[in-house]
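Just below is one structure, and these are the notes that go with it.
The values are calculated or read from the model by the stated rules, or taken from the named source; none is laboratory data. Just so we're clear, the structure is a prediction, and the values are computed from it rather than from any experiment. Don't worry about glycine lacking a Cβ; one is built from the backbone with ideal geometry, like all the others, and counts go over all protein chains shown. Please note that ligands, DNA and RNA were not included when accessible areas were found on the heavy atoms of the full protein model with its side chains. Shrake-Rupley method; radii C 1.70, N 1.55, O 1.52, S 1.80 Å.
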Amino acid sequence: MDAGDPVGMGLVASFARPGGNITGMSALTAELAPKVLEFLQQIVPSFRRLGLFLNATDPFRKPFLEQNQLGVGRLGLELQASFVNGPGELKAAFETAASERVDAVMIQPSLAVERAAELALAHHLPAASLTRVFAQAGGLMSYSANYT
């Protein structure tokens, strides 16, 4: 099971003492979001307004939003969060982001990242995600743990 933040989601008591009979690993993916925003700011110097696409049905959206809010605050950026209810809403989310003149987009990894990469290119929006698949599909960048 991919849980994102097992402590924050209440699946385990702590990393040191998870309790019960549970094994696994945590990639601490959400915690990488502020670093991705720093990279985006270096790549796109005019970057001031972030469009953040969150998976409305994923419980991991909360820590992902919180970590992006931290990064946005540290860098003095504006945040426009959009909750997406599946792949069918991605196109509308990109159209809204483009019409509201966001400078770059961050995609939650549990969304349809291949489709998001296509839409980012079509709307000429620099976009990042925390999964390698996103960059392989044509997204501007990704930054995450190397699972191999």
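Observations
- Being hydroxyl-bearing (Ser, Thr, Tyr) and within 14 Å of the chain's Cα centre (by Cα) holds for only one residue in Ser99, Ser144, and it is Ser144.
- Per the listing Phe94, Phe83, the residue uniquely within 15 Å of the chain's Cα centre (by Cα) and open to solvent by 60 Å² or more (accessible area, probe 1.4 Å) is Phe83.
- Among (1) surrounded by 15 or more Cβ atoms within 10 Å (Cβ to Cβ); (2) under 16 Å from Ala127 (Cβ atoms); (3) at pLDDT 85 or above, the one test that Leu75 misses: (2)
- In this structure, Val133 does not qualify as of a type in the set (Val, Ile, Thr) and modelled with pLDDT of 95 or more.
- Test: residue in segment 128-136 that is among the polar types (S, T, N, Q) and touching a Gly at 6+ places or on another chain (Cβ under 8 Å): yes
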